[in-house]
Amino acid sequence: MNALEIMNANKTFGGLAVLQDVSLSVEVGERRAIIGPNGAGKTTLFNVISGTLPLNSGKISLFGKRSEHLSPYRRARAGLARTFQQNNLFFNLTLLENIHLAILPHLTQSSPQKFLETWGWWEKRDIHVKELSYGDQRQVELLLALAQFPRLLLLDEPTAGMSSVETQKITSMIRNLSREITVLIIEHDMEVVFDLADRITVLNYGQVLFEGSQEEVRSDQRVKEVYLGTTD
Ligand SMILES: Nc1ncnc2c1ncn2[C@@H]1O[C@H](COP(=O)(O)OP(=O)(O)O)[C@@H](O)[C@H]1O
Ligand SMILES: [Mg+2]
């Protein structure tokens with residue numbers, strides 16, 4: 001059984017085909033990077049996986065269960081959590097209050113205090129999220145997703161706009177996640193991609209241009225031309 005299976009997914013906006021016949025299988029425990037130029041359809045892919053956008057056609061299975069007709073809420077119940085390209089936090093609440101809201105349906109698995117202690121954030125519990133640095137806010141966003149105890153985690157450009165120190169922090173956080181969590185990560189920083197990903201899928205104009213291991217991606221001529229921008 002795969003964590004995620006997408007079969008022949010199509011999504012259009014008006015006349016624009018944003019996802020064209022996309023098929024994708026991600027194994028349980030895998031770290032899969034989704035790369036591709038701006039506008040390739042990467043965020044749209046996450047939106048159709050999480051159910052915030054309906055597909056025009058195609059099938060999606062989460063942990064072996066057909067899910068393309070399920071609401072975002074039902075998909076979250078099936079173990080799906082995500083972070084967004086922009087921060088998606090309650091800025092006027094404290095860190096503890098934010099975690100409390102996320103963890104509420106999962107209190108059998110942890111408590112806000114235990115969770116924040118585990119991740120080394122308990123000391124900062126009373127800080128209002130708006131007072132945190134941008135880099136810390138992006139980490140808290142990841143924490144909020146983890147507080148839902150997901151089985152499948154979708155991360156949309158988690159290092160965007162971060163300094164190299166902040167990028168290293170969030171990268172090691174992701175690297176150290178339990179393999180019980182399957183991770184899909186949209187990422188532009190190829191160092192982060194090659195650090196984290198088991199396999200890489202390249203999207204281009206809404207189509208899967210290439211999928212393979214790191215070595216295969218590094219040596220594929222089409223990927224070099226379209227994405228890495230070199231022809232050597
Ligand atoms: N809600 C929407 N309505 C209309 N067009 C959209 C919408 N969301 C995305 N698009 C368009 O779909 C294409 C893919 O966007 P997106 O999935 O955000 O790409 P990426 O995340 O790879 O940069 C772009 O041309 C974008 O303008
Ligand atoms: Mg995007």
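The values are calculated or read from the model by the stated rules, or taken from the named source; none is laboratory data. Values in this document were obtained by computation on a predicted structure and should not be read as measured data. Backbone-built Cβ (ideal geometry, glycine too); neighbour counts: all protein chains shown. Protein only, heavy atoms only, side chains kept; ligands, DNA and RNA dropped before computing areas. Shrake-Rupley method; radii C 1.70, N 1.55, O 1.52, S 1.80 Å.
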Accessible area of MET7 in the full protein assembly, 1.4 Å probe (Å², nearest 10): 60
On Cα atoms only, tilt of 164-175 relative to the major axis of the chain in degrees: 90
Heavy-atom accessible surface of the chain: percent carbon and sulfur, 1.4 Å: 50
Entries of LYS42/LYS65; LYS11/LYS224; LYS11/LYS124; LYS114/LYS169; LYS42/LYS114 with Cα pairs more than 30 Å apart: LYS11/LYS124; LYS42/LYS114
Principal semi-axes in Å for the chain [√(5λ), Cα gyration tensor, largest first]: 30, 21, 16
Distant-in-sequence amide H partners of VAL208 (H built 1.01 Å from N, under 5 Å): SER23
Segment SER172-GLU191, length gained on full extension (0.36 nm per residue, minus Cα span): 5.6 nm
Choice from LEU143, LEU24, LEU155 with maximal GNM fluctuation in the chain (Cα, 10 Å cutoff): LEU24
Largest-first ordering by accessible area, 1.4 Å probe, given options THR83, THR108, THR12, THR52: THR108, THR52, THR12, THR83
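Over the chain, what is the relative contact order in percent, taking alpha-carbon pairs closer than 8 angstrom and at least six residues apart?
Numbers: 418 pairs, mean separation 61.8, N = 232.
After rounding, I find 27 percent.
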In the stretch 84-182, trypsin sites (Lys or Arg not before Pro) in a DSSP loop with at most 10 other beta-carbon atoms within 10 Å: ARG179
FRET efficiency, 1/(1 + (r/R0)^6) with R0 41 Å, evaluated for ASN92 and ARG66 via beta carbons: 0.55
Nearest 10 degrees, 0 to 90: helix 134-146 Cα axis against the chain principal axis: 90
Per residue accessible area of the chain, 1.4 Å probe, in Å²: 48
Amide H contacts under 5 Å for GLU30, placed H, 5+ residues apart: VAL183
Candidate residues ARG218, ARG199, ARG31: accessible-area rank, largest first, probe 1.4 Å: ARG218, ARG199, ARG31
The chain: calculated mean residue ellipticity at 222 nm from DSSP helix runs of at least 4, using -39500 (n - 2.57): -8000 deg cm²/dmol
